[in-house]
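These notes concern the structure reproduced below.
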Amino acid sequence: MHQGVYASNEKLRGATKLFEGKIQGSESVAVAKDGSLYMLDKFGYVWRAPANAAGGYDLEKEPLAHLGSGRPLGFHFDANGNLIVCNAGSGLVMLEKESGKVVLLTARVSADDPVAPGSSIDYINDVAVASNGIVYFTDSVRGITPAKNPGGFWDTMAAYTLSLFNGRASGRLLSYNPATRKTHVVSEGLWFANGVTLSKDESFVAVVETNVQRVHSVWLSGPKAGQREVLVDKLPGFPDGITTSSSGSFWVGLVVPKMPIVAWLESRYVRWLAAWLPEHIKPPIPQWGAIVEISPEGEALRALYDSDGSHVSAVSAITESRGRLFFGNLAGEYVSFLPTPGKE
């Protein structure tokens, strides 16, 4: 039982669900300048829902586009209204606003990179776009790539499970410069690099390290430029997406609570056995909903829960826009939102 800032509550149960049974596995929600919601389902289709006069959203009957091969994970609009997408199994892609074309931006690190020249991007995950156009994104793990399953979509969860049991900290933060079309390694050695966002002043990038329940600051400017340090650790669950709030704090989505099995994974033998367990005898993943707010200095400010996940569970990403927090759900068939909480 958590105490203090992380003490249990049921505040996430006040969230409003949208498009139940219609949107399958949209990890995030992007909000366009006109207030329309954009969602990407697990099959690669792009869905749009314009805002209506009643304060709700009307999901269009047909998808706007299909991204092609791969599993869409994190996505954001750039300054020109193009949708920048981490399409796992394919690479960093862009859905052009004007033409509707899907353009592959990068699938490997540039040949002149001093750290890992020409290396492939195996598990692209989340993305943030800086005001100067530079795109920062995560490559969660080296050597493990999501594959298409019999259900007709690319299974990132199976790949994640293998990465957890693999026990190697091979995740990376990468950057893509649209002016030069160069891709470079910004930071490496992360144990499943996941959500990514820029600080409000863009002096550092906050990067989630899922498997050890913490968030790093990777400094871009100032006296710490080029350094990486822990922003917050010992989170009450496994973090996935992260976003910067209008006040400069960070919202972090937690997909599952801490589980005893994680302690057992210190043993290489146990990891090997667990990786090849049949699905029907693997430990069940508990239903649980949680988000936490963290200050730019790494102080935990508050937590909101749905303790049994009966209403909202496995929040994989958060987007703040127009007085609302929008929640993606990688494993569910809905997205949701909650009025942005006031200061406590």
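Each reported figure results from applying straightforward, stated rules to the coordinates on display, with no laboratory input. In this text the structure is predicted, and so the values were computed from the model without any measurement. Heads up, the Cβs are rebuilt from the backbone with ideal geometry, glycines too, and the neighbour counts pull from every protein chain shown.
Overview of values
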quantity: GNM top mover of VAL115, VAL255, VAL232 - the chain, alpha-carbon springs below 10 Å; calculated: VAL115
quantity: Tail weight of P(r) past 34 Å, computed on alpha-carbon pairs of the chain, percent; calculated: 18
quantity: Selection of trypsin sites (Lys or Arg not before Pro), region 1-77, meeting DSSP coil and at most 12 other Cβ within 10 Å; calculated: LYS33, LYS61
quantity: Of GLU297, GLU27, GLU96, the one that fluctuates the most in a GNM where the chain has Cα springs shorter than 10 Å; calculated: GLU297
quantity: Chymotrypsin sites (Phe, Trp or Tyr not before Pro) restricted to region 1-99 and DSSP loop, no more than 16 other C-beta within 10 Å; calculated: PHE43
quantity: Set LYS148/LYS200; LYS42/LYS224; LYS148/LYS234; LYS182/LYS224; LYS61/LYS182; LYS11/LYS33 screened for pairs whose C-alpha atoms are more than 32 Å apart; calculated: LYS148/LYS200; LYS42/LYS224; LYS148/LYS234; LYS61/LYS182
quantity: Average Cα contact separation per residue, the chain, under 8 Å, 6 or more apart, as relative contact order %; calculated: 18
quantity: 222 nm mean residue ellipticity, helices alone, for the chain (DSSP H n ≥ 4; -39,500 (n - 2.57); rounded to 500); calculated: -2000 deg cm²/dmol
quantity: Cleavage-rule hits, trypsin sites (Lys or Arg not before Pro), region 184-245, DSSP coil, Cβ neighbours within 10 Å at most 11; calculated: LYS234
quantity: Ratio of the Cα radius of gyration of region 1-118 to 2.2 N^0.38 Å, where N counts its residues; calculated: 1.31
quantity: Most mobile listed residue (ALA314, ALA51, ALA15) in the chain, GNM with C-alpha springs under 10 Å; calculated: ALA51
quantity: For region 292-344, the spread of Cα positions along each principal axis, largest first, Å; calculated: 34, 26, 17
